[in-house]
Amino acid sequence: MLKFFITTFGCQMNIYDSELMAGILQAYGYQQVFEPRDAGLIIINTCSVREHAEERAFANLWDLYHQAPKKAKKPVFCVAGCTAKKMGEEIFQKYPFVDLVVSPANVYDLPKLVNTFQKTRRKQLAIKNQTSYIKKNFPVIHANKIKALVTIMQGCNNYCAYCVVPYVRGAEISRPLKNIVAEVKGLAKKGYREVTLLGQNVNSYHDSKNDFTDLLKKISSLPGLLRVRFMTNHPKDMSGTLIKAIGQLDKVCGHVHLPLQSGSDRILKAMNRGYTASHFLGLVKALRRAKPDIAITTDIIVGFPGETKKDFQKTLALVKQAKFDASFVFKYSPRPGTSAAELADDVSATEKQRRLELVNLAQQKIARELSQNLIGKEVEVLVEDLATDGKNLFGKTTGYRTVIIDTSLAPGQRSTTNDQRLPLGQLIPVKITSAKNWTLYGKSAIRE
Ligand code: SAH
Ligand code: SF4
Ligand code: F3S
């Protein structure tokens, strides 16, 4: 029986795709292993979003190759994901030991490609644009037992000037609502308590009759589920109807990831983002009005071509004004083929680093303050697992903060995930006793 090992880079959509590849291969009777040395098929699921992400994946590919047996015992190497689509044939030239190159739209063909390669020893390239797979049943194998990712759409039509995603993931296409509902119902039946609906821009989800608000309402009504999350949102497509629904639907978590990218209207325009800084702030306000205490997180790019110190100051000011719960800050990385790659990458590496650190510093201060405001309060936590010490519990608040819960076990005593007394998969009230930037510590009220 063929054993396969998968390693994943990139965003949650790639994590889902890896879980999907695992499901497809298992359906063919292959077995997943978690040690590369046990595998006859090694898959690297790659990301192209920044140069660094690409380099990390290929460094890992070399490592795996060097550690693997050679000659007749060499495992089959497969490069999957966004870089497979972007580089195609070039991967075989640069990494001659790679046997299969498979883009995200071709994962269903994986078992066939492996078979053909094993029979013919001819390299297999599967990077054609195809959309039929989106209508298929997705036999995903989830790593986590309590929460699951569910892709609701693929691709992107936005063509933000810096972004490679529309080129590697293709045009936006939504899964039919009934397929998503069937998948989530199946998950709830198996005991999953939380789902995260995924897409590059979930706000523009639409199948023939339903938009994203309809989908969110439908998913929140399914019995068994306790929490629903979704990401990523695009500020230009976030409607009043959706904001209202987020406020009204109890199972929809109090967390929205709303990427700002820049606080300067001039740069937002150059990025082709389709909104202004004041529109963005209006959305932040509306979200907080609809769901008080909602956590808002964001992505920011520093050093986009032509970003002056003044533009950057606007970003920094907006970060402080919006009081995000967390900001993920990235240094602009030119991506060949995108429209911004035609522009001079004119902010120096040191200046990009300086700007990144300034945003991080401001954000850490805000995050710390917001987390410390929770000390003494009771928050609801979905308990996911034992913490790494085998003693405390680990879970998330509705706003996605990590909580470590003191279980009051005697010193030296450890528990196991099979311990029936542990409230795994349950929502429990926790009194917060201390806080770091993103992690909270507390005691479970029900255990006192
Ligand atoms: N669809 C999502 C983003 C996907 S990429 C959205 O629109 O929000 C995740 C983040 O990577 C982006 O939000 C952006 O901040 C960052 N990013 C994308 N391309 C980049 C580039 N060329 N250089 C630096 N950061 C980039
Ligand atoms: Fe990239 Fe923009 Fe699409 Fe997000 S919305 S994936 S940043 S092109
Ligand atoms: Fe990376 Fe592809 Fe996701 S480029 S960020 S893995 S969509």
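Might you check whether a residue that is open to solvent by less than 20 Å² (accessible area, probe 1.4 Å), modelled with pLDDT of 95 or more and away from ligand 1 (no atom under 16 Å from the Cβ) occurs anywhere in the range 347-365?
yes
Pick out the one residue from Val284, Val302, Val228 that is assigned by TED's automatic domain parsing to the domain that holds Gln154 and in contact with a helix residue (DSSP H, G or I) (Cβ under 7 Å, 6 or more places away or on another chain).
Checking each option against the conditions leaves just Val228.
Of everything in the range 235-265 that's among the hydroxyl-bearing types (Ser, Thr, Tyr) and open to solvent by less than 10 Å² (accessible area, probe 1.4 Å), which residue is nearest to ligand 2 (Cβ to nearest atom)?
Across the range 235-265, the extreme among qualifying residues is Ser262.
Quick check on the range 299-313. Is at least one of its residues assigned to a helix (DSSP H, G or I), under 18 Å from Gln364 (Cα atoms) and open to solvent by 10 Å² or more (accessible area, probe 1.4 Å)?
yes
Return the pair list, or none, for Cβ contacts closer than 9 Å from residues in the range 374-388 that are under 12 Å from Arg401 (Cβ atoms) and open to solvent by 70 Å² or more (accessible area, probe 1.4 Å) to residues that are modelled with pLDDT of 95 or more and outside any strand (DSSP E or B), at least 6 apart or on different chains.
Listed pairs, sorted by first residue: Glu380/Thr398.
Could you tell me which residue of the range 111-131 is farthest from Leu177 (Cα to Cα), considering only residues that are open to solvent by 20 Å² or more (accessible area, probe 1.4 Å) and in a strand (DSSP E or B)?
Looking at the filtered set, the residue picked out is Gln124.
Check the range 243-257 and report whether any residue there is within 16 Å of ligand 3 (Cβ to nearest atom) and under 21 Å from Asn158 (Cα atoms).
Yes, the range 243-257 contains at least one residue that is within 16 Å of ligand 3 (Cβ to nearest atom) and under 21 Å from Asn158 (Cα atoms).
If you check Cys11, Cys82, which single one turns out to be hydrophobic (A, V, I, L, M, F, W, C), open to solvent by less than 20 Å² (accessible area, probe 1.4 Å) and either in contact (Cβ under 8 Å) with a residue 12 or more places away in the chain or more than 19 Å from Gln154 (Cα to Cα) (or both)?
After applying the criteria, what remains is Cys82.
Taking the stated definitions as given, is Asn144 open to solvent by 10 Å² or more (accessible area, probe 1.4 Å) and either touching a His at 6+ places or on another chain (Cβ under 9 Å) or farther than 26 Å from Met21 by Cβ (or both)?
No; evaluated as a whole, the condition is false for this residue.
For every residue, the table says whether it meets (1) within 18 Å of Tyr108 (Cβ to Cβ); (2) open to solvent by less than 30 Å² (accessible area, probe 1.4 Å); (3) in contact (Cβ under 8 Å) with a residue 12 or more places away in the chain; (4) within 14 Å of ligand 3 (Cβ to nearest atom).
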{"residue": "Tyr133", "(1), (2), (3), (4)": "yes, yes, yes, no"}
{"residue": "Pro139", "(1), (2), (3), (4)": "yes, no, yes, no"}
{"residue": "Thr151", "(1), (2), (3), (4)": "yes, yes, yes, yes"}
{"residue": "Gln154", "(1), (2), (3), (4)": "yes, yes, yes, yes"}
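Look at Tyr108 and say whether it is among the aromatic types (Phe, Trp, Tyr), open to solvent by less than 50 Å² (accessible area, probe 1.4 Å) and within 16 Å of ligand 3 (Cβ to nearest atom).
no
Out of all the residues in the range 169-179, which are more than 11 Å from ligand 1 (Cβ to nearest atom) and either surrounded by 22 or more Cβ atoms within 10 Å (Cβ to Cβ) or part of a loop (DSSP other than H, G, I, E, B) (or both)?
Listed by number, the residues that qualify are Gly170, Ala171, Ser174, Arg175, Pro176.
I'd like to know if the range 226-237 contains one or more residues that are closer than 21 Å to Ala182 by Cα and assigned to a loop (DSSP other than H, G, I, E, B). Steps first, please.
The first filter runs over the range 226-237 and keeps only residues closer than 21 Å to Ala182 by Cα, leaving 226-231.
Going one step further and asking which of them are assigned to a loop (DSSP other than H, G, I, E, B), we end up with 226.
Yes - at least one qualifying residue is present in the range 226-237.
Checking the condition at pLDDT 95 or above, closer than 21 Å to Pro139 by Cβ and more than 16 Å from ligand 1 (Cβ to nearest atom), which residue from Ala27, Ala39 passes?
Unique residue meeting the criteria: Ala39.
Among the residues in the range 194-204, are any open to solvent by 60 Å² or more (accessible area, probe 1.4 Å) and free of Cβ contacts under 8 Å to residues at least 40 places away in the same chain?
Filtering the range 194-204 for residues open to solvent by 60 Å² or more (accessible area, probe 1.4 Å) gives none.
Within the range 194-204 (the criterion being open to solvent by 60 Å² or more (accessible area, probe 1.4 Å) and free of Cβ contacts under 8 Å to residues at least 40 places away in the same chain), the answer is no, since none of the residues qualifies.
Only one of Asp38, Asp63, Asp17 is in contact (Cβ under 8 Å) with a residue 12 or more places away in the chain and surrounded by fewer than 15 Cβ atoms within 10 Å (Cβ to Cβ); which?
Asp38
The values are calculated or read from the model by the stated rules, or taken from the named source; none is laboratory data. These numbers were taken from a predicted model, which means no experiment stands behind them. Every residue, glycine as well, gets a Cβ built from its backbone with ideal geometry; the counts of neighbours run over all protein chains shown. For the accessible areas, the whole protein counts, side chains as well, though only heavy atoms, and no ligand, DNA or RNA atoms are used. Shrake-Rupley method; radii C 1.70, N 1.55, O 1.52, S 1.80 Å.
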